[in-house]
Amino acid sequence: FNSVTNIVDLMNGYLSDVWTYPLTVKPCHIENGQLSYSFPFEYGHDDKHVDDVSEGSDAQTQIFNIVFRLAAYRALNLNGYPLLLDEPGAGFDEQHRAVFIDFIKTLVEEGEFSQLFLVSHYSDVHSRLNRATFLVVDPEGITLPLVYNENVKIKYREV
């Protein structure tokens, strides 16, 4: 249970860095000596209670999933590994998405992760990642950045 509480504390630290309104995950309960695996949360200035993170809005569920991954990396002392994010902030409003991308960018710049691999359809996500290398895949083929790892072979095939 102490490990679960530590992970939840790490998650709440990340949530306080990226979410504009109060959003707090609570540890799961122990019932008959067993963990329930339902993680309640509270949100808003009047602390609305929800029984499990899976019952949150799309944006809440997505941020819970992401901060859990970040907390697990930290708890397991997995520093310096690449971070892969597929459509981060897709359910967020523009303000939350901007704060979140800036937060992730800071983690990478501080060495928490060695690299960031990110897939997104949002131009505001791309524009916040200055000094990033972009690869654009579209029906016409692959557009490579001016400088890229020349040891990587990229082939395009018709589907």
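Quick notes
- For L116, the residues 5 or more places off, or on other chains, whose built amide H falls under 5 Å of its own are L83.
- For K26, the amide hydrogen comes within under 5 Å of the amide hydrogens of F41, E42, counting only partners 5 or more places away or on other chains and with H modelled in the peptide plane.
- Stretched out straight at 0.36 nm per residue, the stretch from D102 to L84 would grow longer than its current Cα-Cα span by 4.9 nm.
- Here the label points at R69 and Y21, each 7 Å from Cα along the C-beta direction, are separated by 2.5 nm in the simple model.
- L78 sits with roughly 60 Å² accessible to a 1.4 Å probe, with DNA, RNA and ligands left out of the calculation.
- Along the stretch 97-112 the Karplus relation, 6.51 cos²θ - 1.76 cosθ + 1.60 evaluated at θ = phi - 60°, assigns HN-Hα couplings of 4, 4, 4, 5, 5, 4, 5, 4, 4, 5, 4, 5, 4, 7, x, 4 Hz to successive residues, with x for each Gly and Pro.
- The 3J(HN,Hα) values that the Karplus relation (6.51, -1.76, 1.60; θ = phi - 60°) gives for the stretch 36-50 are, in residue order, 7, 6, 9, 9, x, 9, 10, 8, x, 6, 9, 6, 4, 9, 10 Hz. Gly and Pro appear as x.
- Point-to-point label distance, Q95-H29, nm (Cα→Cβ direction, 7 Å offset): 3.4
- Inter-label distance, nm, simple model (7 Å from Cα along the C-beta direction), H49/F117: 4.3
The values are calculated or read from the model by the stated rules, or taken from the named source; none is laboratory data. The shown structure was predicted, so the numbers you read here are calculated from the model rather than taken from an experiment. Glycine gets a Cβ as well: all are built from the backbone with ideal geometry, and neighbour counts include every protein chain shown. Please note that ligands, DNA and RNA were not included when accessible areas were found on the heavy atoms of the full protein model with its side chains. Shrake-Rupley method; radii C 1.70, N 1.55, O 1.52, S 1.80 Å.
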